[in-house]
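J.: Below: one structure in structure tokens.
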Amino acid sequence: MAQKKRKVKIVIILVIFILYFFIAARPVPRETALSCKWISSLTQTALGDYYGDTEEKPDAAPVVFKGDILPFTLGARFGYVDESGQFALNKVKTNDIYLSSDMWSEYGAEPVNILINNIRLNTEINIENARGYPVLLDDRIFIFGSEQNSLSEINEYGRTKWIYEFGAPLTCMDAASDLVLTGSLDGVVEVFNSDGERIFYFEPGGSRYSVILGCALSENGSYIGIICGINEQRFLLFERFGSASGEYKIVYHEFLGSGFRRPVRIQFIDNDARVVFERSGGIGCYTIKTRRGITIPLDGDIAAFDESGDRGLFFLVTSHLYQNNKLIGIKFPQEKWFGLSGFAPEDSIFLKAPFKSENVFLGRTSDGSALVAGGGTSLISFNLEEK
């Protein structure tokens, strides 16, 4: 009898174990790993030929790119690099620059004429009597007025399509889906259509000092994210509704404390699935589908920002200053260190990699499959692989 009860007990335990195995068991999660693809030195210029910093590069045939090209700025140099590590452009900075995915411009402190170069089409657009500075967004050319209180769009012939005068200096802008978003010093948010007509106006208020410190448009123009105010600072998310393209309403609001008194990074990532932004002590991340916002603590200040966040992965670089003062009475110079961090879809940190450098660059290819980082005089490309 006792032996029979023992057998029944063993069978029950075995059944419970089998049920637990099938119900509670989970597959081993795949991890994202970085494998080095190529390393390119900035001492080598476009097409593999070296030119001195003062020597003019002779005219050449249009560059044949290998896949995608990525704009970069690192230290005293800027340009474009393709997926194989070849430079389509690699120049020493002599003035201020503005780069987009296709166009670049180098201009002086008070430019009269501005030259816009298209790296893919190998074309140039000359803007005469510019009276401002170039901003290249969403394959469009804008001129930011020299007093920061006007904005104009330029066509492919270098002529002004439209111009708009603001009541206060602009502090931020973005462009996507034929729309232009601006924020100004007096705390006003405005949206313009492709003809330069204002279709949305909003004053967030609610803070001691009303100022728009950061703004971003989603790729399809359906969402607006802004960082506004000082004491207290706030994050606001707007969603477009109704048949009219200029109708937006607030769908999320969060206080960020005292915050920053400078321009703040904010960006829609992962095909508009999330919006990330700087906040005191870390980075904020809001997922639009789940209506959930979290804070990810960070050490140091943000030095570089992954603007795509594609494939659910997001990368950034933080900067740190360290001083070796272990020896009493002897002061050592501060050393600058950077830290590369990666965040997984569940917003957990899966990568931390410190490195020492005087400058830094971070970018992603358009398909999100490769991460390109830079420090010193080198660019390094990493494949993103799941293992």
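The values are calculated or read from the model by the stated rules, or taken from the named source; none is laboratory data. Predicted model, so just to flag it, every value in this text is computed and none were measured. Positions of Cβ are generated from backbone atoms using ideal geometry, with glycine treated the same way; all protein chains shown enter the neighbour counts. Ligands, DNA and RNA are stripped out before the accessible areas are found, and what is left, the full protein with its side chains, is counted by its heavy atoms. Shrake-Rupley method; radii C 1.70, N 1.55, O 1.52, S 1.80 Å.
J.: Taking a cut-off of 19 Å between Cα atoms, list the aspartates and glutamates near K93, but don't count ones fewer than 8 places away on the same chain.
T.: Counting by Cα, and skipping residues close in sequence, K93 has these aspartates and glutamates nearby: D49, D53, E55, E56, D102, E106, E110, E124, E358.
J.: Return the long-range amide H neighbours of I141 (sequence gap of 5 or more, or a different chain), with a cut-off of under 5 Å between placed amide H atoms.
T.: Here I154 satisfy the definition.
J.: So how do 362-372, 248-258 stack up, highest first, on mean other-Cβ count within 10 Å?
T.: In descending order of packing, they fall as 362-372, 248-258.
J.: Can you give me the C-alpha center-to-center distance between region 66-132 and region 195-234, rounded to a whole angstrom?
T.: If we compute the Cα centre of each part, the gap is 29 Å.
J.: Using DSSP to define loop residues, name the trypsin sites (Lys or Arg not before Pro) in region 151-208 whose beta-carbon has at most 14 other beta-carbon atoms within 10 Å.
T.: R159, R208
J.: Another question, if that's okay. Compare the peptides 260-266, 304-310 by average per-residue count of other Cβ atoms within 10 angstrom and give them in order, highest first.
T.: Peptide ranking by packing, descending: 304-310, 260-266.
J.: Can I ask one more? If you roll a 1.4 angstrom probe over the protein chains with everything in place, what fraction of the accessible area of region 82-178 belongs to carbon and sulfur, to the nearest %?
T.: So the carbon and sulfur contribution to the accessible surface is 41 percent.
J.: I would also like to ask the following. Name the residues whose placed amide hydrogens come within less than 5 Å of the amide hydrogen of G75, ignoring near sequence neighbours (fewer than 5 apart) on the same chain.
T.: Residues meeting the criterion, in which the H sits 1.01 Å from N, are V360.
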